[in-house]
Amino acid sequence: MDLVSLIQQRVSCPVVEEPGPSASQLDAMFRAALRAPDHGNLKPWRFLVVEGEARAKLGELFLQAALAKDPALVPPLQEKMRNMPLRAPTLVVVIARLQQHPKVPLVEQQVAAGAAAQNILLAAHGLGLGAMWRTGDMAYNPDVMRGLGLAENEEIIGFVYLGSRPAKTRNAPALDPADFVEQWRG
Ligand SMILES: Cc1cc2nc3c(=O)[nH]c(=O)nc-3n(C[C@H](O)[C@H](O)[C@H](O)COP(=O)(O)O)c2cc1C
């Protein structure tokens, strides 16, 4: 399938299966991520791969962060926090590395890291894998950021959940560009 058709048909996969991406598939996805547009060539991104047992450690980090915020968190929600990273065989944490720059505002660096995340989704789709970009409270929680080793100038852009695509996935919704696009004629 050609690239444009492939992009037009990309959908997120909330449910993905084992096995996760192979090392060479991950490499291909990161090569795609590194081709995101990047004002000033700052490379304002880095990535963490969380697989196997490390997902349970991330779940524990989520749980402790949630309990620090709300010590009365009810057990079912505690369980939910702990199990979040287990929803996929592989997670990629997309991190924006922000720096003060005379010509490149922080928002452009965040957008560039977001474009890198999107390139991961597109590459995953092209490889026949399932993927979903998630954030939620945990992406902005200082304890989680510290636990993942983020520096003061870094932010989590998203957790990309990756795995094999289930046999049944939904089709891309039919959207009409006319609802979003108009000519500006001055
Ligand atoms: C920055 C960002 C954060 C997101 N966070 C979540 C999330 O935490 N949970 C969720 O269900 N969807 C989240 N989404 C949306 C999904 O990734 C997905 O785009 C949405 O379910 C629509 O599916 P589609 O991509 O197939 O159109 C997020 C999307 C973006 C761009």
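How high is the FRET efficiency between HIS39 and ASP176 when r is their beta carbon distance and R₀ equals 35 Å, given to the nearest 0.05? Between HIS39 and ASP176 the formula returns 0.65. Remark on the range 103-152: ratio of C-alpha radius of gyration to 2.2 N^0.38 Å is 1.40. Within the same chain, lysines fewer than 8 places from LYS80 are excluded, and of the rest, those with a Cα less than 18 Å from its Cα are LYS57, LYS69.
The range 141-183 and the range 55-113 have Cα centres lying 12 Å from one another. Here the average projected area of the convex hull drawn through the C-alpha atoms of the range 1-140 stands at 9.9 nm². Based on C-alpha pairs under 8 angstrom that are at least 6 apart in sequence, the range 82-182 has a relative contact order of 40 percent.
Tell me the net charge near ARG97. Cut-off is 12 Å between Cβ atoms, ARG97 excluded, with +1 for each Lys or Arg and -1 for each Asp or Glu. Display every interim value, and only then the final one.
On the way: positive: LYS43, ARG46; negative: ASP38, GLU152, GLU154, GLU155.
Taking every Cβ under 12 Å from that of ARG97, the sum is -2.
Values quoted throughout were computed directly from the atomic coordinates according to the rules given, and no laboratory measurement underlies them. Please read all numbers here as calculations on a predicted model, not as lab measurements. Cβ: placed from backbone, ideal geometry, glycine included. Neighbour counts: every protein chain shown.
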